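Read the structure below first, then the notes.
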Amino acid sequence: QVQLVESGGGLVQAGGSLRLSCAASGRTFNTYAIGWFRQAPGKEREFVAQITWSGTYYADSVKGRFTISRDNAKNTAYLQMNSLKPEDTAVYFCAARRNDGNIRMNEGAYAYWGQGTQVTVSS
């Protein structure tokens, strides 16, 4: 089992950058794939990015602007967000699942979730 805690959210102007962190408990962090999701007000939660042993994968809406990475020695995953747009405003969640190397964009594939961190992008 793994517990996840997000941090790094905040208020930023359009065009700015933020880096979100996802700190995980436990000694088996490298056995988990990490995904980032987001939920805007009045909308369903949507996939943003994932990282597995086979590589990274992004939603089209963030491709080229966001970068997912991880530091297994620190039990932490990151989401670097550049060129932020007002439509990126949402609560961002990190999630973990067994690291099978496959692309998994559906929420149900992820067994563990953090509490979320708010990102607000002003125009």
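Here are the numbers for this structure:
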{"quantity": "Residue count, the range 3-17 (criterion: of a type outside the set (V, I, T), open to solvent by less than 30 Å² (accessible area, probe 1.4 Å), closer than 17 Å to D88 by Cβ and assigned to a strand (DSSP E or B))", "calculated": "2"}
{"quantity": "Exclusive hit being under 24 Å from V2 (Cα atoms) and either charged (D, E, K, R) or free of Cβ contacts under 8 Å to residues at least 12 places away in the same chain (or both), set R45, R65", "calculated": "R45"}
{"quantity": "Qualifying positions in the range 1-57 - of a type in the set (V, I, T) and under 19 Å from S123 (Cα atoms)", "calculated": "V12"}
{"quantity": "Residues of the range 59-104 classified as assigned to a loop (DSSP other than H, G, I, E, B) and either acidic (D, E) or touching a helix residue (DSSP H, G or I) at 6+ places or on another chain (Cβ under 6 Å) (or both), total", "calculated": "4"}
{"quantity": "Matching residues in the range 84-106 - criterion: being open to solvent by 60 Å² or more (accessible area, probe 1.4 Å), touching a residue at least 60 places away in the same chain (Cβ under 8 Å) and closer than 19 Å to Q118 by Cα", "calculated": "K85"}
{"quantity": "Residue count for the range 43-54, restricted to those that are assigned to a strand (DSSP E or B) and open to solvent by 30 Å² or more (accessible area, probe 1.4 Å)", "calculated": "1"}
{"quantity": "Answer from A23, A33 - the residue that is touching a strand residue (DSSP E or B) at 6+ places or on another chain (Cβ under 9 Å), surrounded by 17 or more Cβ atoms within 10 Å (Cβ to Cβ) and in a strand (DSSP E or B)", "calculated": "A33"}
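The values are calculated or read from the model by the stated rules, or taken from the named source; none is laboratory data. Predicted model, so just to flag it, every value in this text is computed and none were measured. Backbone-built Cβ (ideal geometry, glycine too); neighbour counts: all protein chains shown. The protein model used for the area step is the full one, side chains on, heavy atoms only, and it has no ligands, DNA or RNA in it. Shrake-Rupley method; radii C 1.70, N 1.55, O 1.52, S 1.80 Å.
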